[in-house]
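One structure is given here, and the rest of the page talks about it.
The values are calculated or read from the model by the stated rules, or taken from the named source; none is laboratory data. Just so it is clear, the model here is predicted, and its values are computed rather than measured. Note that we place each Cβ from the backbone using ideal geometry, even for glycine, and neighbour counts take in every protein chain shown.
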Amino acid sequence: MQLKRRSVLSGMAAAAACPICLASGVSAEEAHGGHEKHWTYEGDTGPEHWGELKPDYKSCSIGTQQSPINLAKPVHASLSQLVLNWKPFPLTVSHNGHTIVVNIPPGNTTTEGDGEVFNLIQFHIHHPSEHLVDGKTFALEAHFVHFNEKKDAALVIGVFMSEGASNESWASVFANMPKEKGDTKTTLTLDATKLLPTNHDRYRYEGSLTTPACGEIVHWNVLKVPMTATADQIKAVGALFSNNARPVLPLNRRFLLDG
Ligand SMILES: [Zn+2]
């Protein structure tokens, strides 16, 4: 048990060592030029097997605070307000083989009330949603990934999208999605605050990154009010990634709050 615990911790240390690799869905090995067997969303390298692919991925199979989860029966709490200090930036949309990702220049931060400062690093899209609400799946879920200065803790804001009207800011992201892995497109300036609903009521729990090495370092803030995307926009994401959502994992001994 002691040994297992140590490998989990070393996995987490690895996550801390290369958070941007993990956050962008690119493993440290891939980013650093190695040729390990890579994780996927199906088959013998799919989510059920992530923990077996590499020692650093152990948390994926033996972790007890994993994400995503089914967001059900939350305990109501007076949560601190999410404070977003985000500035408009030149939009660069990339395809990293696992998702569509928008990397964000330094200088954009989020805090919960007057809590720890987290730097916004990137956002990316899952099709369909990773979190469920009372067992219900949404068409898409975007994750706004932040790390603290020490890079040993993350804050992720999750935003659901269901089918409906086009949103101007999201439309500029969808319109610039590269079709091939490794491609990047740069376009106009984006105000990322417009990618979120104005109402920040949310679910709050402690969990993990939803891609290997599944480090249990994430303060999850999943917004309750979904954004909307047109059927064509959702289809365009689905054409690139038919399923890039990790299945839900048990809540175990954690509190799910809402407020
Ligand atoms: Zn994600």
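So the values come out like this:
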item: Matching residues, segment 201-226, being within 16 Å of the ligand (Cβ to nearest atom) and either modelled with pLDDT under 95 or among the β-branched types (Val, Ile, Thr) (or both); result: Thr210, Thr211, Ile217, Val218, Val222
item: Counted residues, segment 235-255 - those being of a type in the set (A, V, I, L, M, F, W, C), under 18 Å from Val101 (Cβ atoms) and surrounded by fewer than 23 Cβ atoms within 10 Å (Cβ to Cβ); result: 5
item: Counted residues, segment 168-217 - those being of a type in the set (Lys, Arg) and in a strand (DSSP E or B); result: 3
item: Residues of segment 156-188 satisfying the condition of being over 18 Å from the mean Cα position of the chain (by Cα) and within 16 Å of Ile104 (Cα to Cα); result: Ser169, Ser172, Asn176, Thr184, Lys185, Thr186, Thr187, Leu188
item: The listed residue being modelled with pLDDT of 95 or more, surrounded by 14 or more Cβ atoms within 10 Å (Cβ to Cβ), under 17 Å from the mean Cα position of the chain (by Cα) and more than 16 Å from the ligand (Cβ to nearest atom), out of Ala229, Ala153; result: Ala153
item: Residue in segment 36-44 that is within 24 Å of Leu132 (Cβ to Cβ) and either of a type in the set (Val, Ile, Thr) or touching a strand residue (DSSP E or B) at 6+ places or on another chain (Cβ under 7 Å) (or both) present; result: yes
item: Pair list, Cβ under 8 Å, 6 or more apart: segment 158-176 residue more than 16 Å from the ligand (Cβ to nearest atom) and small (Gly, Ala, Ser), other residue modelled with pLDDT of 95 or more and part of a helix (DSSP H, G or I); result: Ser166/Gln233; Ser169/Ala192; Ser169/Lys194; Ser169/Leu195; Ala171/Gln233
item: Residue match in segment 127-137 (condition: at pLDDT 95 or above, more than 18 Å from the chain's Cα centre (by Cα) and assigned to a loop (DSSP other than H, G, I, E, B)); result: yes
item: Conditions (1) crowded, with 21+ Cβ neighbours inside 10 Å; (2) within 30 Å of Ala171 (Cβ to Cβ); (3) at pLDDT below 95; number of the one not met by Thr92; result: (1)
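Quick grid of which residues meet (1) out of contact with any Lys or Arg (no Cβ under 6 Å at 6 or more places or on another chain); (2) more than 16 Å from the ligand (Cβ to nearest atom); (3) more than 23 Å from Ile69 (Cβ to Cβ); (4) in a strand (DSSP E or B):
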| residue | (1), (2), (3), (4) |
| --- | --- |
| Leu91 | yes, yes, yes, yes |
| Gly97 | no, no, yes, no |
| Thr111 | yes, yes, yes, yes |
| Gly115 | yes, yes, no, no |
| Asn119 | yes, yes, yes, yes |
| Ile125 | yes, no, no, yes |
| Glu141 | yes, no, no, yes |
| Phe144 | yes, no, no, yes |
